[in-house]
Structures are given as C-alpha cells and as structure tokens.
Amino acid sequence: MPALIPTDFEGTVTWLGLVGEEREGIRSAANPKVFASFAGVEGEIHGGLTRPSCVRVTTQYPEGTEIANVRQFTIVSAEELSAIAEAMEMDEIKPEWLGASIVVEGIPDFTHVPPSARLQNEAGTCLVIDMHNRPCIFPAKEIEKDHPGLGKRFKPAAEGRRGVTAWVEREGPLAVGDVMRLHVPDQRAWSLLDEARQA
C-alpha cells in the first residue's frame, strides 16, 4: 500500500530563482527554468549533496558539521507573500528578497504542509519538503536596500508564512508554469507532539 497519498491540491510555479555562488546577501535572481539534480541546482549557493550545519540544527550538531543537504530549495507561496506584504503595509514582497528558489500558487496554508510531503510536476521531478522555514534578518536586509525603514517589519509579518525548505528526490526539469501536485504522508500527526515541543 502506498505510504504517500496524491492529493487534489496543486501549486502552479509562478517564479523560479537562483542565489548565485558569487553574491552579496541572499537575493535570488529570476530564472525561467532549472534542472533539479540530486545535488540541487548547479551554480546555486544552496546546492550540493551535503552542507555545513547551521543554527537551525545546533541542538543536534555543532555549527559547521557536514550533514546531508535538505535545504536545496526554498519554496514560498504567492498567497503567503501577499499576506506578508499586507501585514507590512507594502504593495508587494518580491521573492528575490527572501532568496526564494520557487514560488507556487494554489496550495492553502502552504508553510504548514506536513514534513516529508512531496511536490511533483508532470515531468516527474519530485521535491521532498523537509520543514517550514523561519523568518530571519536576511530578507529584512534585502528589503531595507530597496525600501529603507521597512525591513524591520518583515520578521513579525512573515511568522508562519515563510515557506518550506526542500530537497530533490527525483531529478528532472522545473520551469515557470509547471503544476506541482502535493502528495502527503499517510499517517496522523504524533499524539505527543505538543508535549514534546514543551520539553
């Protein structure tokens, strides 16, 4: 019996971006299509089969430890970008300010889709969602460059709307206009999750 259930939820890729290895800050540049290999996207700062551990996993490893790279992509939703912009009283939040790799439109409450869910396009390219991303100061710095004085509004406005990180399970092309179908694990949430979070 399959452990992953295809759903009726689909997200259309409305934007693709790449953060180059030679860059200042986290700003990404628009790219109409990419090839997603097992190491991510060639020439992307977040590419590679492994990566140095960061502050997100310091309770597991000292910072800088070589670990498997489950942060090859940062995926955000068009709807949540609009909500962030509204909360910040701005006309728009550009995905490049967030260092985004992919913007999808059409999946409600996108940041909170379950870990280990998959997004798969018609070509078969499949990304595994690791976990939700957290707001940090780096997008605020990019926003501040273009809109002085507004960057500080980002972190509170983006809470719970920052999207997810993901890695490649099946290689293949990704392009603007692709439809990504959401597949979710066939299991309920752990009954002790709230208790464990309070430990």
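If you bin all the Cα-Cα distances of the chain at 10 Å, starting from zero, the percentages per bin are 9, 35, 37, 18, 1, 0.
Give the calculated FRET efficiency between Thr58 and Lys152 to the nearest 0.05, with a Förster radius of 25 Å applied to their Cβ-Cβ distance. Provide the component values of the computation, followed by the final result.
On the way: r = 25 Å, r/R0 = 1.00.
After rounding, the FRET efficiency stands at 0.50.
Descending by average beta-carbon neighbour count within 10 Å, the peptides 150-157, 129-136, 17-24 line up as 129-136, 150-157, 17-24, the highest first. Between Phe38 and Met131, the simple label model (points 7 Å from Cα in the Cβ direction) yields a spacing of 2.5 nm.
The alpha-carbon of Lys152 sits under 19 angstrom from the alpha-carbons of these aspartates and glutamates, leaving out residues fewer than 8 places away in its chain: Glu80, Glu86, Glu89, Asp91, Glu92, Glu96, Glu142, Glu144.
Cα to Cα, under 14 Å, and not fewer than 8 places away if on the same chain: which aspartates and glutamates meet these conditions relative to Lys33? Cross-link targets: Glu42, Glu44, Glu171, Asp178.
What FRET efficiency do you get for Thr50 and Glu22 if R0 is 30 Å and r is their Cβ-Cβ distance, rounded to the nearest 0.05? Efficiency for this residue pair is about 0.90. When only the Cβ of Lys, Arg, Asp and Glu is charged (+1, +1, -1, -1), the dipole of the range 80-182 relative to its Cα centre reaches about 360 debye.
Rounded to 0.05, the FRET efficiency of the Leu192 and Glu105 pair, given R0 = 30 Å and the Cβ-Cβ distance, is 0.30. Here the range 4-185 is assigned +1 on the Cβ of each Lys and Arg and -1 on the Cβ of each Asp and Glu. Its dipole about the Cα centre then comes out at about 440 debye.
Spatial offset of the range 29-77 relative to the range 165-199 amounts to 16 Å, using the alpha carbon center of each.
Can you compute the helix-only [θ] at 222 nm over the chain? Use -39500 (n - 2.57) per DSSP H run of at least 4 residues, normalise by all residues, nearest 500 deg cm²/dmol. Please list the in-between numbers first.
Values: 4 runs with 30 residues, N = 199.
Mean residue ellipticity at 222 nm (helix-derived): -4000 deg cm²/dmol.
The numbers here are math on the coordinates, done by the rules we state, and not lab data. Keep in mind it's a predicted model, so treat the numbers as computed, not measured. Don't worry about glycine lacking a Cβ; one is built from the backbone with ideal geometry, like all the others, and counts go over all protein chains shown.
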